[in-house]
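The values are calculated or read from the model by the stated rules, or taken from the named source; none is laboratory data. Worth saying up front: this structure is predicted, and the values here are computed from it rather than measured. Cβ placement follows ideal geometry from the backbone for every residue including glycine, while neighbour counts extend to all protein chains displayed.
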Amino acid sequence: MHTITLSIPDETLQALQTTPEGLEQEMLLVLAIKLFELGRLSSGAAANLADIPRTIFLTKLADYGVDTFRLTEADLAKDLANA
């Protein structure tokens, strides 16, 4: 495992009304969601990065306006044909 260190001003923590631990958890979730949205991580890998269960990760996506499923019309037609 790798560690990345960030310097966060005290004013930022105060403005966000959070603790360093709370901000760390939120930043990991936001990073995981963005990497999932960009297609860089699967939902399982993103959930692992955020250190939460996959089912919880999938429910959190809606809070950030990210679609859980990214199927095109062609994908849906293909799945339907194979059903």
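Any residue in segment 24-43 that's of a type in the set (G, A, S) and modelled with pLDDT of 95 or more: show its pairings with residues that are surrounded by 15 or more Cβ atoms within 10 Å (Cβ to Cβ) and outside any helix (DSSP H, G or I) at Cβ separation under 8 Å, as long as the two are six or more apart or on different chains. Correct list of pairs: A32/L41.
Search segment 55-83 for residues being of a type in the set (D, E) and part of a helix (DSSP H, G or I), and hand back the single one that is nearest to K34 (Cα to Cα). Walk me through how you get there before you give the answer.
The first filter runs over segment 55-83 and keeps only residues of a type in the set (D, E), leaving 63, 67, 73, 75, 79.
Checking the rest, the ones that are also part of a helix (DSSP H, G or I) come to 63, 73, 75, 79.
On the way: D63: 12, E73: 23, D75: 23, D79: 27 Å.
That would be D63.
Condition check for L23 on (1) surrounded by 12 or more Cβ atoms within 10 Å (Cβ to Cβ); (2) under 23 Å from D67 (Cβ atoms): one failure, at (2). Flag: K60 matches the condition of being in contact with a helix residue (DSSP H, G or I) (Cβ under 8 Å, 6 or more places away or on another chain) and among the basic types (K, R).
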